[in-house]
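Reading through the structure tokens given below for one structure.
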Amino acid sequence: MPSLKEIKTRIASVSNTRKITSAMKMVASSKLHHAQTAIQNMLPYETLLEHVMKSFLVTIPEVQNEFEAIRDVKRVALVVFTSNSSLCGGFNNNILKMFQQAVDDYKAQGIDDILVYPIGRKIEDYCVKRGIKIAGSFLELAEKPKASDCADISKELQSKFLAHEIDKVELIYHHFKSAGSQILTRKMFLPIDLSTEKIGLENDRDLSSNVATAKAQEYLRKRKEAKEAKEKAESKALNDNFIVEPSLDAVLETLIPKELNLQVFTALLDSNASEHAARMVAMQTATDNANELLRMLSLQYNKSRQQAITNELLDIVGGTVNN
């Protein structure tokens with residue numbers, strides 16, 4: 001049985017650790033709020049741009065675009081989003097598992113020419129250790145999302161796709177749904193997916209709360225569903241009868257690259273928000289565990305202290321009787 005001094009030292013150590021995890025939780029919560037604001041500012045533009053582009057490509061069959069071309073896949077590029085640091089639960093491990101599964105799937109099809117764009121230190125280190133070819137280092141982008149840097153990556157992928165250096169591009173990231181739920185996503189980037197039923201499907205994010213408990217999330221989900229049902233009943237159909245100037249080809253020449261650039265930026269913002277949410281939940285769990293451990297140690301300390309006092313009293317009483 002540990003001594004009173006050992007228990008007291010352990011209590012002090014756990015208490016200091018609890019202060020650190022609590023502070024990290026608050027920092028992650030603040031960063032999550034900023035990440036949610038960035039997504040909220042970008043979302044209406046991204047949704048409408050995707051709708052307009054796919055409306056043109058689907059409803060006007062005579063429009064032929066090279067980004068729609070489906071080819072025999074021989075060369076693949078994967079854009080994978082992780083974090084630069086740890087202490088965020090299974091956030092990075094889940095991405096790495098999906099990435100390895102994607103690599104194994106392609107190799108099973110006989111496709112060995114795989115190029116990786118690693119956004120974050122974890123995926124970059126993973127690829128370097130296993131000898132997987134990477135297109136560069138993007139460590140700063142994982143910390144500070146920038147639309148211009150995402151556009152550069154997107155333009156490079158587009159040029160390689162048009163030059164037939166790459167036949168298919170996929171994005172692997174966490175889709176941010178809420179502070180307590182981040183969905184692992186593997187999404188085709190090129191060629192363009194023309195399925196209009198997916199327009200706005202990923203816009204199910206809860207950007208109004210940092211609450212991560214299951215009970216609170218269930219309440220917010222029901223409230224959001226009721227609000228969406230009311231808005232759907234009152235909403236009107238979007239007018240797709242667009243007037244295009246100067247020509248459809250000229251508009252699409254600008255519109256498609258913008259939408260593709262925005263897809264990469266959206267994935268990065270989703271990944272960034274998911275990282276902070278995962279870290280916030282992990283630190284909250286660690287703080288709760290520390291509180292429980294402190295409770296048990298305090299109980300053990302009091303029992304040991306009471307036992308020591310009882311033994312001393314017995315020694316004193318026994319000595320008195322003998323005398």
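Quick one: which residues, 5+ away or cross-chain, put their amide H under 5 Å from the amide H of HIS175? H built at 1.01 Å from N.
Sorted by chain and number, the residues that satisfy this are ILE183, LEU184, THR185.
Could you grab the Rg to Rh ratio for region 91-175? Cα atoms only, Kirkwood for Rh.
0.95
Using each residue's phi in region 2-12, evaluate 6.51 cos²θ - 1.76 cosθ + 1.60 at θ = phi - 60° and report the 3J(HN,Hα) Karplus result to the nearest Hz, with x for Gly and Pro.
x, 6, 4, 5, 5, 5, 5, 5, 5, 4, 5
Over 24 Å between C-alpha atoms is what I'm after, so list which of LYS31/LYS129; LYS133/LYS168; LYS74/LYS160; LYS19/LYS97; LYS133/LYS155; LYS133/LYS177 land there.
From the list (LYS31/LYS129; LYS133/LYS168; LYS74/LYS160; LYS19/LYS97; LYS133/LYS155; LYS133/LYS177), the Cα-Cα distance tops 24 Å for LYS31/LYS129; LYS19/LYS97; LYS133/LYS177.
Express in nm, to one decimal, how much length is gained between LEU49 and THR254 on full extension, taking 0.36 nm for each residue of separation and deducting their alpha carbon distance.
72.7 nm
With every protein chain in place, what's the accessible area of THR21 (1.4 Å probe, Å², nearest 10)?
Near enough 20 Å² of accessible area.
Return the sequence-ordered ³J(HN,Hα) values of region 293-310 in whole Hz as given by the Karplus equation 6.51 cos²θ - 1.76 cosθ + 1.60 applied to θ = phi - 60°, using x for Gly and Pro.
For region 293-310, the Karplus curve yields 5, 5, 4, 5, 5, 5, 5, 5, 5, 5, 5, 5, 5, 5, 5, 5, 5, 4 Hz.
SER298 to GLU245: FRET efficiency via 1/(1 + (r/R0)^6), r the Cβ-Cβ distance, R0 56 Å, to the nearest 0.05?
Efficiency, rounded to the nearest 0.05: 0.15.
Enter the accessible area of ILE243 (Å², nearest 10), with the probe set to 1.4 Å and all protein chains included.
Looks like 150 Å² after rounding.
For the pair LYS8/MET188, report the inter-label distance in nm, with labels modelled 7 Å from Cα in the Cβ direction.
Each label point lies 7 Å from its Cα, and together they span 6.8 nm.
Viscosity 1.567 mPa s, temperature 4 °C: what is the translational diffusion coefficient of region 1-109 from Stokes-Einstein with a Kirkwood Rh over Cα pairs, rounded to a whole number of µm²/s?
65
Quick one: Cα convex hull volume of region 1-51, Å³ per residue?
68
Whole-Hz Karplus ³J(HN,Hα) for region 169-175, in order, using 6.51 cos²θ - 1.76 cosθ + 1.60 and θ = phi - 60°, x for Gly and Pro?
Along region 169-175, the couplings run 10, 10, 10, 10, 7, 9, 7 Hz.
The values are calculated or read from the model by the stated rules, or taken from the named source; none is laboratory data. Quantities reported herein were computed from a predicted structural model and do not represent experimental measurements. Every residue, glycine among them, receives a Cβ derived from its backbone with ideal geometry; neighbour counts consider all protein chains shown. To get the accessible areas, we keep the full protein, side chains included, count just its heavy atoms, and leave off ligands, DNA and RNA. Shrake-Rupley method; radii C 1.70, N 1.55, O 1.52, S 1.80 Å.
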